[in-house]
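In what follows, a structure is listed as structure tokens, so that the remarks can point back to it.
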Amino acid sequence: MDIRNPLKAGDKIGLTAPAGPTDEEKLNEGISILKKLGFRVSVGLTCYQNEGGYLAGPAAMRANELNQMFADPDIDAIFCLRGGYGAMQILPFLNFDMIADHPKLLIGYSDITALHIALQQKSNLVTVHGPMPASDLISASEFTIESLLAVLTSSQSVSRLENPPGEKVECLVSGNAAGVLTGGNLALIASLLGTPFEINTRGKILFLEDVGEESYRIDRMLTQLALAGKFAEAEGIILGSWTDCQSSNPDSFQVEDLFRKIIAPFGKPTVMNVRAGHCEPTVTLPFGIPVILHAQEGKLSYYQ
């Protein structure tokens, strides 16, 4: 699948909560924002659920709703309401063959990383790492909205990463690399190792980001990926936003130190400060399509 059939005004968005719940006020704000962007909205029942305080209903319910939205020919794309936790729970219940036969874009990030990886690897889908209606889109900047719509609605065959104004993409390891873009939240990627949904980085450009993690935890997760061969197998690496991941301990390694210690020795073209993930403004990234990374120039081109 690719994005050569972009979304347009009047298309119907399926809104579902495959992970955590939200409250009625944020739900209504999220619906309103999608409508302001020109889309019709079909709201799933999971958007009204709260189980145990951190899940939007039972796992089977959340999975069935996502299956139904992929199967529904009237739904053109699927937005995840928010992240939180819970997307991993629904993976065993998804009908990946049916989803492959009914491809459509799924948009979200953070905990939704579990769905990005599973849908790319099991259903050969393109997915979109972008802001979600009940969280980021409520207070999104003009840049964030434009970046999202540029991916969802553009008919251009080639486009390029555009960081927010004043934010430079930094080169950690120079060189050029080509491959399919994949990845997402570091904690989710590490959690999927050893499961049937473990990320495959062979021949890929690997994107990583996280939020609110101490240096030793980032060290542990990056080391885990290194020991699992994920950096060695990747063609190139893109490091996104690491909001609230700076240690207040003056003796502690900072995240940039960890990148230099753990990732740089693999010698793969690597860039830092791509403003995608838990940040505002944020860049929307298309996963599952070929990209070319020019690390020295800090440029990333998409080939849709």
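The values are calculated or read from the model by the stated rules, or taken from the named source; none is laboratory data. Note that this is a predicted model, so its numbers are computed, not measured. FYI the Cβ positions are ideal-geometry reconstructions off the backbone, even for glycines, and counts take in every protein chain you see.
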Identity of the residue in segment 224-257, of a type in the set (S, T, N, Q) and under 21 Å from the mean Cα position of the chain (by Cα), that ends up surrounded by the most Cβ atoms within 10 Å (Cβ to Cβ): 241
Can you confirm whether residue 149 is closer than 27 Å to residue 10 by Cα, surrounded by fewer than 18 Cβ atoms within 10 Å (Cβ to Cβ) and among the hydrophobic types (A, V, I, L, M, F, W, C)? yes
Can you name every residue in segment 163-180 that is out of contact with any Gly (no Cβ under 8 Å at 6 or more places or on another chain) and surrounded by fewer than 14 Cβ atoms within 10 Å (Cβ to Cβ)? 165, 166, 174
Here is a list of conditions, (1) modelled with pLDDT under 95; (2) under 21 Å from residue 272 (Cα atoms), and residue 218 meets all of them except one; can you say which number that is? (1)
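What are the residues in segment 9-22 that are under 14 Å from residue 46 (Cβ atoms) and either in a loop (DSSP other than H, G, I, E, B) or free of Cβ contacts under 8 Å to residues at least 40 places away in the same chain (or both), if any?
Passing the criteria: 17, 18, 19, 20, 21, 22.
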Which numbered condition trips up residue 211, out of (1) over 26 Å from residue 176 (Cα atoms); (2) hydrophobic (A, V, I, L, M, F, W, C); (3) in contact with a helix residue (DSSP H, G or I) (Cβ under 7 Å, 6 or more places away or on another chain); (4) touching a residue at least 60 places away in the same chain (Cβ under 8 Å)? (3)
So residue 25, is it over 23 Å from the mean Cα position of the chain (by Cα), surrounded by fewer than 19 Cβ atoms within 10 Å (Cβ to Cβ) and either part of a helix (DSSP H, G or I) or of a type in the set (Ser, Thr, Tyr) (or both): yes
Can you say whether residue 101 is free of Cβ contacts under 8 Å to residues at least 60 places away in the same chain, charged (D, E, K, R) and closer than 26 Å to residue 182 by Cα, as far as the supplied structure shows? yes
